[in-house]
Each structure stands twice: as structure tokens, then as C-alpha cells.
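S.K.: What follows is a single structure, and I will ask about it in a moment.
The values are calculated or read from the model by the stated rules, or taken from the named source; none is laboratory data. These numbers were taken from a predicted model, which means no experiment stands behind them. Note that each Cβ is placed from the backbone with ideal geometry, even for glycine, and that neighbours are counted across all protein chains shown. Quick note on the areas: whole protein, heavy atoms, side chains included, nothing else; ligands and nucleic acids left out. Shrake-Rupley method; radii C 1.70, N 1.55, O 1.52, S 1.80 Å.
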Amino acid sequence: MSDLHNLSVKALATLLQNKEVSAVEVATRFLARMGGNPHNTFLDIDSEVTLAQAQASDAKLADGTAGPLEGVPVAHKDVFVTRDFATTAGSKILSGYRSPFDATVVQRLRTAGMVSLGKLNCDEFAMGSANENSAYGPVQNPWDTTRVPGGSSGGSAAAVAAGLAPAATGTDTGGSIRQPASFCGITGIKPTYGRASRYGMIAYASSLDQAGPMARSAEDCALLLSAMCGGDIDRDSTSLDMPSEDFTASLNSSIEGLRIGIPQEFFGEGLSADVRAAVDSALREYEKLGAKLVPISLPRTELSIPVYYIIAPAEASSNLSRFDGVKFGHRAKDYTDLVDMYKKTRAEGFGNEVKRRIMTGAYVLSHGYYDAYYLQAQKIRRMIADDFQNAFKECDVIAGPVAPTVAWKFGDNANDPVADYLADIFTLPASLAGLPGMSVPAGFGAQGMPVGLQLIGNYFKEAQLLNAAHRLQQATDFHLRKPEGI
Ligand code: GLN
């Protein structure tokens, strides 16, 4: 089987269950593809660990105790802590760090049978939209290596697009699953805030951070999401105390009569014509499938940028205070006293964007500015969530672009962080509201680069989103297209 690396999670799982291929064979194939670290996607690999997991999976397949995804490989964003691989969150401050435990999401996917291929590159502490903020160098977009893969889960998206892993985990605080999925032509879903445990996910902005799967198709995402979700109250008090679902159960349901809300604010000035054309054609496809397009308004869309870039840095400035050279990773060498050690360690260990956010966060939380910035942002965040509830009175799901443009070229925004922030405009609103959102390949734009359609659902409506995405993928083949040579 020469094309194992192009098979879906579903197809691989079936072959493995039927013993037409072994987990060791599958793992060996992917490890061979990962050799030389194409596109700088991986930050840590260890073939012994991967093969040992594959052998254990083969034993389970042989004795009838296999999990539903037994032997199927997955790679994890380096924001999830892992016992068997190093964890850096893309930061120098965590170089050499190894966690004594696995994140809940990692552990659950292993329980379902998945074999870990290693850890994937990402923006430092998941702060970024282009993977240009990784301390270990940027990831290249497999569709055009002069372009960014998106961020912060850039390694996850590129690995799947390049056939280095059939699926990957990602995290999404303000778009980090959806936007790289869109830029690399794959499918990704961020579930409702609290659906998946944040235990062992290195915290960026705790009230926004969510884990989710990235894979070629909605069906594959549904398989992983079913295994990832479920309450974990004792270890993450913000996880929802509800069992996971079988998100594959309603993939094939009819979408006849589905009301798709089209927010006018997502289609205004700033949306590039090529992205608009691809999104429009996906919407036409939905009409053919019997869905109804309903104009809606999300009037505070623009405000989501300042609101997010106040709240996320505020939370980050607190979360990142734990990296002080005492317990984890890097410690500066020459220092005079404890405070000097903290200062030097943090000055050496954090990259520029992380420092910028810590400073912004500390500022908006400081006495005299708290009311003007942080408190105001919290109030508007509530209004943004209310706007969605108003919209959902008229529609079942909301559709629009994931990002205003296709993946940009390296360096285009490098000296202009605000340009990156502005490009998050369409993913931030659902994050601030805690709603599930996904990116589904919708076609190609400028220079043949992939374009994603964003679908946003109401709380706990992941199954409905995956159903809508799956129906589109049965009618189109954008999710099956691959970069040349893959
Ligand atoms: N681009 C956004 C940021 O830089 C979102 C990142 C994320 O979702 N982790 O904060």
C-alpha cells in the first residue's frame, strides 16, 4: 500500500481493525515521511516511543481489546504536555522541558488507540497567526513554501496537508485551529468552550483556550473529537461535566431546510475578492443541498479585535508568570539574586511577541487602567456573545470566511504585529462567545492557495456543524486535493 499517508483516519482505522495492515507498518511509513522534518513541522520526534506505542496497539488489535482508533497515528501540537516527548510550547523558555504527565486530550486519544508521532511546531505559547513567532523557526505552507501556514497551530495544519500525519491536535484561543486549517486546505474544529479538558494544555488565555482536532475531513475530525471530549472536572474545573458524544452519528443527516446565517459584517470591506468568491461558491453549494441562506448581523464584529487583544494578553500576563526559571525549562546563567534571575531568565527565554503581550496584559490590568480597558473589554465580550444569541433566533448555523485573505508570504507582516491581529477578525467573535467553530475547505483563491469556509454553531452544536461540513464534503472534493508531490 504505497498511499497509506494519503488515507483518512477512517480508512486507516478500518484497515487496522481488519488486520490488512499493522500499526507498526503504518507508524513506520509516517516516520519515514517525517525524516528530514519537511516544512519544519515537528519539534520533537522519537521513533522508539512511536514504535513502542504501535506495537502495543498491534497487541490490542490481536487480542480484541482495541480502541476505535487503534493504531492510527496522530501528532500533537507542542502546547499539550506529554510524558514521552519534550514540550516547549514553541518557546525557548521551555527548551528541554519534559512533563511528568500527559495532557487529558493526549491521554484520551491514546486510550482510543491513537499512536503518537511526536510534537508539532507552533507559535510561541500559541500567540500568533502565522507560525512566525516560534522560537524554533517558522513552518512552511506545503502549498507554497514561501508562504506561512497560518497560526498558531501551523505545524498541525502543515503536517496534515503534507501527509506527515493523518490527523493532529490543535488549540484555538482566537482562531488557531480554524485559520491554519483554512490556510493549509484541511478541516479543523474548535468545540464549545469547556467541551475538551484544558488539563495539560499550556495556558495562554484560560477563558478562551480550547483543544480540537485537525484532519482532512469533517468525518475524521468527528472521530477524533468524540474521543477528545468529555468532562474532566477534577482536573479542569472549567471543563463541562457532560459525557462526550458520538459526533459521527449524524454526519449523514439531511440538511434540507437548514438555515445558514450570513453575517453582513463578514463580507464587507477588507475581505479579498478571491476569498469571497470561494466562500460564495460554497454557499451556493449549500443552497443546492437544500439549505436556506438567511442574512443576519453580528454588529460588534470589528470590536472583537480590541476586545480580544485586551482580554487574551491580560490572561496571558498572569498565566506566563509561572515561567520564572525556578520550576520549568530555561534558567539564566549569571545572576546576582533571585529577582535578577527572574528578569534575566524571562528576558532570554521569551520572544518579542510574548513580551509584547505580557506588557500589554500587565498594562490593561494595572491600577488606573483596569476600568478603562479590561473591564470595558469584558462588557463588550458579553455583548458579542448576546449578538450571537440574537442571530441564532433566525438561523441554525452561521457561515462566512475564516480569514480575509489566503496565506500571506513570509515577512509580509513581520514588522507589523497589528496586521496579524487585524487578520483574526472573523475567528475572534466565536472565541469570545465560547461557541464552536470550524474551517472547511471551500476552494482556492489567489495563487492557487486554499480558502476555508467558517461554520459557527450554537453552544454544544458540534454535531450539527460536522454534519453540515460533511454534507459539503460529499458534494465537493476540495478537502481531498493535495499540494503537488504529496
Ligand atoms: N492569532 C491569535 C493570537 O495571536 C489567536 C491565537 C490562538 O488562537 N492561539 O492570539
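S.K.: What list of ³J(HN,Hα) couplings, whole Hz, do you get for segment 241-256 from phi and the Karplus terms 6.51, -1.76, 1.60, once you set θ to phi - 60° and write x for glycine and proline?
M.R.: 7, 9, x, 6, 10, 8, 6, 8, 4, 10, 4, 8, 4, 5, 10, 3
S.K.: Report the local net charge at A463: Lys and Arg +1, Asp and Glu -1, summed over other residues whose C-beta lies under 9 Å from its C-beta.
M.R.: -2
S.K.: Taking the Cα centre as origin and putting +1 on Lys and Arg beta-carbons and -1 on Asp and Glu beta-carbons, what dipole magnitude results for segment 201-292, to the nearest 20 debye?
M.R.: 340
S.K.: Now a separate question. Shape call for segment 263-333 from the C-alpha gyration tensor, a ≥ b ≥ c root eigenvalues: rounded (a/c under 1.5), prolate (a/b greater than b/c) or oblate?
M.R.: prolate
S.K.: DSSP beta bridges in the chain, what fraction antiparallel, as a percent rounded to 5?
M.R.: Rounded to the nearest five, the antiparallel share is 70 percent.
S.K.: Going out from 0 in 10 Å bins, what whole percent of all Cα-Cα distances in the chain drops into each bin?
M.R.: Values per bin, smallest distances first: 4, 22, 33, 27, 11, 3, 0, 0.
S.K.: Amide H neighbours of I296 under 5 Å, counting only residues 5+ apart in sequence or on other chains, H built in-plane at 1.01 Å?
M.R.: Result for I296 returns I262, Q264.
S.K.: OK, next. Classify segment 59-185 as rounded, prolate or oblate from the Cα gyration tensor: take a ≥ b ≥ c as the square roots of its eigenvalues, call it rounded if a/c is under 1.5, otherwise prolate when a/b beats b/c and oblate if not.
M.R.: oblate
S.K.: Once phi is turned into θ = phi - 60°, what whole-Hz ³J(HN,Hα) does the Karplus curve with 6.51, -1.76 and 1.60 give for every residue of segment 333-338, x standing for Gly and Pro?
M.R.: Ordered by residue, 3J(HN,Hα) equals 8, 9, 8, 9, 8, 4 Hz.
S.K.: Compute log10 of I(q)/I(0) for segment 1-80 with the Debye formula, placing one identical point scatterer on every Cα and leaving out solvent, at q = 0.25 Å⁻¹, to two decimals.
M.R.: Results for segment 1-80 at q = 0.25 Å⁻¹ read -1.27.
S.K.: Show me, for segment 48-61, the HN-Hα J-couplings you get by feeding each phi into the Karplus relation (A = 6.51, B = -1.76, C = 1.60, θ = phi - 60°), rounded to Hz, glycine and proline as x.
M.R.: Per-residue couplings from phi come out as 5, 5, 4, 5, 5, 5, 5, 4, 4, 5, 4, 5, 5, 5 Hz.
S.K.: Additional query: Just going by the charge dipole of the chain, with Lys and Arg at +1 and Asp and Glu at -1 on Cβ, which of T82, A218, F323 is farthest out on the positive end?
M.R.: F323
S.K.: Under 5 Å between amide hydrogens, which residues at least 5 positions from L453 or on another chain qualify, with H placed 1.01 Å from N in the peptide plane?
M.R.: Those qualifying (amide H under 5 Å, at least 5 residues apart or on another chain) are V440, A442.
S.K.: Enumerate the lysines that K344 could reach by cross-link, defined here as Cα to Cα under 28 Å, with residues fewer than 8 away along the same chain left out.
M.R.: Answer for K344, where 28 Å is the Cα cut-off: K77, K92, K119, K327, K333, K355, listed by chain and number.
S.K.: Please compute, over every Cα-Cα pair in segment 341-422, the percentage with a separation greater than 18 angstrom.
M.R.: 68
S.K.: Which value, in Å² and to the nearest 10, is the accessible area of Y199 when all protein chains are kept and the probe is 1.4 Å?
M.R.: Solvent-accessible area, nearest 10 Å²: 70 Å².
S.K.: Enter the accessible area of S366 (Å², nearest 10), with the probe set to 1.4 Å and all protein chains included.
M.R.: 40
S.K.: Now for a separate question. If exposed trypsin sites (Lys or Arg not before Pro) are those in a DSSP loop with at most 11 other Cβ within 10 Å, what is the longest stretch of the chain that has none?
M.R.: 20-326
S.K.: Which shape class, rounded, prolate or oblate, goes with segment 152-257 when its Cα gyration tensor gives a ≥ b ≥ c as root eigenvalues, a/c under 1.5 marks rounded, and past that a/b bigger than b/c marks prolate?
M.R.: oblate
S.K.: If amide H atoms are built 1.01 Å from N in the plane of the peptide, which residues on other chains or at least 5 residues away come under 5 Å of the amide H of G118?
M.R.: H76
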